[in-house]
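Only the coordinates and a few stated rules stand behind these numbers; no lab work does. All figures in this text were calculated on a predicted structure; none of them were measured in a lab. Please note: Cβ atoms are built from the backbone with ideal geometry, for glycine as well, and neighbour counts cover all protein chains shown.
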Amino acid sequence: MQRPVILGSTSRYRRDLMSRLHLPFDIQAPEVDETPQPGETPADLAVRLALAKAQAVAARFPDAVVIGSDQVADLHGEPLGKPGDHARATEQLRRMRGQTLIFQTAVAVVCHASGFVQQDIAPVRVVFRDLSDAAIERYLLAEQPYDCAGSAKSEGLGIALLEAIDSDDPTALVGLPLIRTCRMLRAAGVDLL
């Protein structure tokens, strides 16, 4: 009998990505403090939070295979999180224009009952266009990406902000690297096909 699968996230983007797998899964809020630790790199922050989210949910559902994920936009070593509002999103996009960022998207899969724990990170290199203030304002009014790391949704109009994307796991930029997630789920004993 296959173990239940739980996505430890309240992100609608991760839920939509998981739905692509045609795998029954539940959703549980991980309730994890996402405050960066002093001196923590964006990549380390993303990995730590992905694992913390999976472990927090797995502690409540020990027989389940739990997926946790986190994404941090890395602007030359500085973590940029979700802006939360228009003013912070404007400030983020102004700082990002003409720059190359690495979106650090980490995933962890945990099952307490079997002792399974794996984690990985899928860095995505993104080159932003040299955006005018007017273009930034039009974009933010149209898409309101205030719940997205780095204030841009590549799966929507945000693609127009970009010059290039470089990744070996294309869904990572949206918030959950499905290639890595599938690999870990198979290793945890979850049949996908």
Taking alpha-carbon centroids only, the range 115-192 lies from the range 33-55 a number of Å equal to 17
Taking Cα atoms, how many degrees apart are the long axis of helix 133-143 and the longest axis of the chain, rounded to 10 and kept between 0 and 90? 40
Would you mind checking the range 41-55 for residues with the amide N under 19 Å from a putative spin-label position 7 Å along Cα→C-beta of V117? 44-55
Set Lys and Arg Cβ to +1 and Asp and Glu Cβ to -1, take the dipole of the chain about its Cα centre, and tell me which of Q144, Y13, L23 lies farthest positive. L23
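Thinking of the range 42-125 as a set of Cα atoms, what percent of all their pairs are more than 17 Å apart?
Tail of P(r) above 17 Å: 52 percent of Cα pairs.
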Can you give the charge dipole size of the range 5-187 about its Cα centre, rounded to the nearest 20 debye, using +1 on the beta carbon of Lys and Arg and -1 on the beta carbon of Asp and Glu? 340
By how many degrees, between 0 and 90 and to the nearest 10, does the Cα long axis of helix 178-187 differ from the longest principal axis of the chain? 10
Please list 3J(HN,Hα) in residue order for the range 8-23, calculated via the Karplus relation 6.51 cos²θ - 1.76 cosθ + 1.60 where θ = phi - 60°; whole Hz, with x for glycine and proline. x, 6, 9, 6, 5, 5, 5, 4, 5, 5, 4, 4, 4, 7, 6, 10
Relative to the longest principal Cα axis of the chain, at what angle does helix 42-60 sit, 0 to 90 degrees, rounded to 10? 40
Taking R0 as 22 Å and r as the Cβ-Cβ distance between Y146 and L192, the FRET efficiency 1/(1 + (r/R0)^6), rounded to the nearest 0.05, comes to 0.10
